[in-house]
Amino acid sequence: MHLLIAAAGSGRRMGAERNKLLLEVAGRPVLAWTLEAALACPLIHWIGIVGQPVDAAEIQALVVAARPDRPVVWIEGGDTRQASVSNGLAALPDAAAAVLIHDGARCLVDPALIARCAEAAAAGEAVIAAAPVTDTIKRVDGAGLIQETPDRSLLWGAQTPQGFPVEQLRAAHARAAAEGWSVTDDASLFERLGWPVRVIEAAPSNIKITTPFDLTVAEAVLAARG
């Protein structure tokens, strides 16, 4: 299985002046933990890290320090996550039939979850890791007034990894570029095209590092894991 790690983000919501994936949690960069989890999954045979040129040297040094036992390659990202994934798809080896997309900021991902997503994608499915929503969700208008309370039993929080057949995902990205679609995850492209995507239940700990509080949570989880 081929894996693309999206690592071209910023530290804007973190209040940092650099890529949040290079900030430390439990003594190591966020991205180092993500890469370690990916390398701990034996089904992953090739990894591409998609990032911005300004971070290339630090990320490549991080990869060297990980001493990977399989190819881990650098891929230059685009201006948006969507463009970065498109660049990653273009850089996949010719033999790639299925691919996982994972947010580098989800550094607590369980290698077993990566494996479950990889197995489904290898079988030709489109899947995403997701967790059932536990909060009561309110749909609110521009004035801050509640408009609706959706049925919580039908709501899931989308996570990564997300897995897809390569050619199908490439076709979805090509259609998005032609139509001017802008989405925040790859599953949304499949939804727009009416293609099925199945959820694979993930643990609540598979959080995305976005704010300083998330770093505190990640530190606690990593400490609990020993």
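The values are calculated or read from the model by the stated rules, or taken from the named source; none is laboratory data. Treat the numbers as computed from the prediction; the structure is a model and nothing was measured. Neighbour counts are summed over all protein chains in view; Cβ atoms, including those assigned to glycine, are modelled from backbone coordinates with ideal geometry. Just the protein is used for accessible areas: all its heavy atoms, side chains included, with ligands, DNA and RNA removed. Shrake-Rupley method; radii C 1.70, N 1.55, O 1.52, S 1.80 Å.
Among the residues of the range 166-197, those identified as surrounded by 14 or more Cβ atoms within 10 Å (Cβ to Cβ) and either small (Gly, Ala, Ser) or at positive phi (or both) are ALA171, ALA172, ALA176, ALA187, SER188.
With respect to (1) hydrophobic (A, V, I, L, M, F, W, C); (2) surrounded by fewer than 21 Cβ atoms within 10 Å (Cβ to Cβ); (3) within 14 Å of the chain's Cα centre (by Cα), the lone exception for LEU100 is condition (2). Residues of the range 103-123 that are open to solvent by 20 Å² or more (accessible area, probe 1.4 Å) and either assigned to a loop (DSSP other than H, G, I, E, B) or modelled with pLDDT under 95 (or both): ARG106, ASP110, ALA123. With respect to the conditions (1) more than 19 Å from ILE5 (Cα to Cα); (2) touching a helix residue (DSSP H, G or I) at 6+ places or on another chain (Cβ under 7 Å), GLY180 lacks only one, and its number is (2).
Mind checking which residues of the range 198-216 are among the hydrophobic types (A, V, I, L, M, F, W, C) and open to solvent by 50 Å² or more (accessible area, probe 1.4 Å)? Correct list: VAL199, ALA203, PHE213. For the range 124-141, the condition holds for at least one residue, the condition being that it is open to solvent by less than 80 Å² (accessible area, probe 1.4 Å) and closer than 18 Å to LEU35 by Cβ.
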